[in-house]
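> Here's a structure for you.
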Amino acid sequence: MLRKLFLLFAIALLSVTAACSNDEAADISEDKNAENANTGDVVVGFDQDLSTIDPHGTNDVNAIQIRRHLYQTLVAREIDMSHKPGLASEWEQVDDTTWNFKLAEGVTFHNGSEFSAQDVKASLERVLDPSVSAPTVFLFDMIEDIEVVNDYELNITTSYPFAPLPDNLAHTAGSIMSKESIDADYQNAIDQAELDMTAEDYYELRDAGGEEFTKISEQIAEHTSTYLSENPDGTNYVKFKARAPGQNIEFERFEDFAGESNIDNLTFVIIPESGSMMAELESGGINITTPVDMAMMDRVQNSDSTEFVEAESLRTNYLGFNTEQEPFDDVKVRQAIDFALDREELKEGIYNGQAAIPNSLVSASVFGHDEELPEVAQDMEQAQATLAESTYADGFDATIWVNDSQDLVDSAVYIQEQLKELNINITIEQFEMATFMERLGEGQHDMFLLSFTASTGDADYLLSALTLSSNRGFGGNRAFYTNEDVDAALESARSATEDTDRLSEYTNIHNMLREDVPYAPLVHPNMSLAYNTAQLEGVELDAAGYIRLENLSFK
């Protein structure tokens, strides 16, 4: 009898506890709903359009800014650029050349398919595929094998020890797309090339390699990316909605996102003129803009409705020379121009002091910077003497190409004026970004102005892109520069297991580049953004210049 009474008491107690638990759960749910009610739309203003949404398509800044909200990578970054779990929940280096990755579970792609190791394998194999011609292939070309252990674990083997692999996997070129969408892109390319084969047939041919694969790869190359550019498929908090090239690109909330987000719609609009951009920001037509045109900075800082956010930079703005094109195939010409440039004047006059004077292509925030190297300083007498030693002692006419970035346009005007002292007459030609990058890759230029952000935080990324002879043209080496000693030093730095050895090789490379001058580094500009404080708070910026919306809230 006593045991029966105890059981009845226990059941009653459990019922009360369950009722309390349900009430508490209801309160928690109501609190969570109240928090989620603080959602809204974000509109970001850019001064130029992206070239393609395909993460393997291009490596330009605006495209990366936009893609990172759509896709996720195995390794993610905190705002201080340290590593944190992304689609990989954990990873470790098993030996010198093997890395093991445990993957996040319960992640869904925008197309509804479930994320697994097969999607990682398909994404990384695609960036390495010559038919895709990814300009960022050098970030992953050390990968020798991708072994799927199970649905949520894989091993990546490199052909040599490569310490920065997690950094490279955090780059948006390492964005993970669903195998379904990758298959659809390949099948579309195969069909457009009028080939009688399936995507799986192509993969088998790719694994085997050889002349037949090379032939098929070349036939489908012009059609790859077509499907993915129109049907991007990631796992991040927003999914693709629509794009009007030259005007805007729209994303909407992804309801099955595995994390948290309070953004309903995210739109990037293109506003080339800085005054119009500022007017839209002040009125609330846009909420955020980056970078801030230096001419508008005082207005941003003095406005009651806007806030200026700044971060130290991983970026280098540089003047590039086509080293295969006369007169820039003469190193004395390149050296003379390098001596003639007054970086201090650029820093103060164009960047309002919000920049650092370089001593190499690599900024102080990047691993591989050598603080012992002297800054590049103007010496007009040396510039004139060096030009006199060239085959163009009396000067010459040339063009300098620039895109729509206002700071680079202003820098081109400054360089145009500065070089008149050497009797070098410069014509400035301005292009929208897609045309600019296409023509630079084809090598049709004399000189050009561009920026490069070492977003991996490692010098290997920037130096490999800009100077490796295998990356000439569309790979990033738009100077068409070739130096076997630089190639060898980069390879040595990549495979070194000790940081001291890597740093020594980078110093060696910096010195060789100072002598050869395929590029004249101009400034390391601080990263900046401005946002409308009447609408938002918690907008952040990291050293790579990426807008961080993780702590965003709406007013």
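The values are calculated or read from the model by the stated rules, or taken from the named source; none is laboratory data. Note that this is a predicted model, so its numbers are computed, not measured. Note: ideal-geometry Cβ built from the backbone for every residue, glycine included; neighbour counts use all protein chains shown. These area figures cover heavy atoms from the full protein model, side chains too; ligands, DNA and RNA do not enter into them. Shrake-Rupley method; radii C 1.70, N 1.55, O 1.52, S 1.80 Å.
> Output the antiparallel fraction of DSSP beta bridges having both residues in the chain, as a percent to the nearest 5.
Approximately 75 percent, going by the DSSP bridge assignments.
> If you take every residue apart from VAL137 with its C-beta less than 11 Å away from the C-beta of VAL137, what net charge results, scoring Lys and Arg +1 and Asp and Glu -1?
Surrounding charge for VAL137 is -1.
> Can you compute 3J(HN,Hα) from phi for each residue in region 538-545, using the Karplus curve 6.51 cos²θ - 1.76 cosθ + 1.60 with θ = phi - 60°, rounded to whole Hz and x for Gly and Pro?
Each residue's phi maps through the Karplus curve to give x, 7, 10, 9, 9, 5, 7, x Hz.
> A follow-up question, please. Looking at this model, which pairs from LYS179/LYS239; LYS102/LYS215; LYS347/LYS555; LYS179/LYS241; LYS84/LYS347 are more than 26 angstrom apart at the alpha-carbon?
Over 26 Å apart, Cα to Cα: LYS102/LYS215; LYS347/LYS555; LYS84/LYS347.
> Let me ask you something else. Show me the ranking of peptides 111-117, 285-291, 530-536 by mean Cβ neighbours inside 10 Å, starting with the highest.
Sorting 111-117, 285-291, 530-536 by mean packing, highest first, produces 285-291, 530-536, 111-117.
> What spacing in nm lies between the two simple spin-label points modelled at GLU153 and GLU550, each 7 Å away from Cα in the Cβ direction?
With each label point 7 Å from Cα toward Cβ, the separation is 2.7 nm.
> Label points 7 Å out from Cα along the Cβ direction at GLU432 and ALA279: separation in nm?
So the two model labels end up 2.1 nm from each other.
> How much length would be gained if the chain were fully extended between GLU375 and SER305, taking 0.36 nm per residue of separation minus their Cα-Cα distance, in nm to one decimal?
Full-extension gain reported as 21.3 nm.
> A further question follows. Taking R0 as 25 Å, what's the FRET efficiency between ASP95 and LEU128 from their Cβ-Cβ distance, rounded to 0.05?
It comes out at approximately 0.70.
> May I ask you to rank THR427, THR435, THR306 by accessible area, largest first, using a 1.4 Å probe over the protein chains only?
THR427, THR435, THR306
> Taking Cα atoms, how many degrees apart are the long axis of helix 199-208 and the longest axis of the chain, rounded to 10 and kept between 0 and 90?
Helix 199-208 sits at roughly 60 degrees to that axis.
> Same structure again: Note the angle between two axes, namely the Cα long axis of helix 499-516 and the longest principal axis of the Cα atoms of the chain, as a number of degrees from 0 to 90, rounded to the nearest 10.
40
> Return the label of the correct value of Rg and Dmax of the Cα atoms in Å, as calculated from the structure shown, out of [x] 22.3, 69; [y] 39.0, 131; [z] 26.2, 115.
This structure yields the entry labelled [z].
> Kindly identify region 224-287 as rounded, prolate or oblate by the Cα gyration tensor criterion: order the square roots of the eigenvalues as a ≥ b ≥ c, call it rounded if a/c is under 1.5, otherwise compare a/b with b/c, prolate if a/b is larger, else oblate.
oblate
> Something else: Quick one: order ARG299, ARG77 from most to least accessible surface, probe 1.4 Å.
ARG299, ARG77
> On to the next question. Once you list every other residue whose beta carbon is under 9 Å from the beta carbon of ARG548, what net charge do they have if Lys and Arg are +1 and Asp and Glu are -1?
-3
> Pop out the ³J(HN,Hα) list for region 371-378 in order, Karplus 6.51 cos²θ - 1.76 cosθ + 1.60 with θ = phi - 60°, rounded to Hz; leave Gly and Pro as x.
Whole-Hz 3J(HN,Hα) from phi for region 371-378: 5, 7, 5, x, 5, 6, 10, 6.
> Next question. Could you tell me the accessible area of LEU346 in Å² (1.4 Å probe, neighbours in place), rounded to the nearest ten?
The accessible area comes out at roughly 0 Å².
> Say R0 is 56 Å: what FRET efficiency, to the nearest 0.05, do MET197 and ASP298 get from their beta-carbon distance?
With a Förster radius of 56 Å, E is 0.40.
> Can you work out ³J(HN,Hα) from phi for every residue in region 85-94, in order, using Karplus 6.51 cos²θ - 1.76 cosθ + 1.60 and θ = phi - 60°, giving whole Hz and x for Gly and Pro?
x, x, 6, 9, 6, 7, 7, 8, 8, 6
> Considering the dipole of the chain built from charges on the beta carbon (Lys and Arg +1, Asp and Glu -1) around the Cα centre, which of THR267, ASN551, LEU450 is farthest to its positive end?
It is ASN551.
> Within region 57-84, name every residue whose backbone N is under 13 Å away from a label modeled 7 Å from Cα of ASP499 along the Cβ vector.
none
> Quote the FRET efficiency, to the nearest 0.05, computed for GLN118 versus GLU312 with a Förster distance R0 of 41 Å and r equal to the Cβ-Cβ distance.
That pair, GLN118 with GLU312, gives E of 0.55.
> Rolling a 1.4 angstrom probe over the protein chains, ignoring ligands and nucleic acids, what is the accessible area of GLU345 in square angstrom, nearest 10?
Probe radius 1.4 Å; accessible area of GLU345 about 100 Å².
> Let me ask something else about it. Enter the angle in degrees (range 0 to 90, nearest 10) between the Cα long axis of helix 211-220 and the first principal axis of the Cα atoms of the chain, meaning the one along which they spread out most.
90
> Tally Lys/Arg at +1 and Asp/Glu at -1 over every other residue whose Cβ is under 12 Å from the Cβ of THR427; what's the total?
That works out to -3.
> Quick check: pseudo-label points 7 Å beyond the Cα along Cα→Cβ at VAL331 and GLU255, how many nm apart are they?
That separation, rounded to one decimal, is 6.4 nm.
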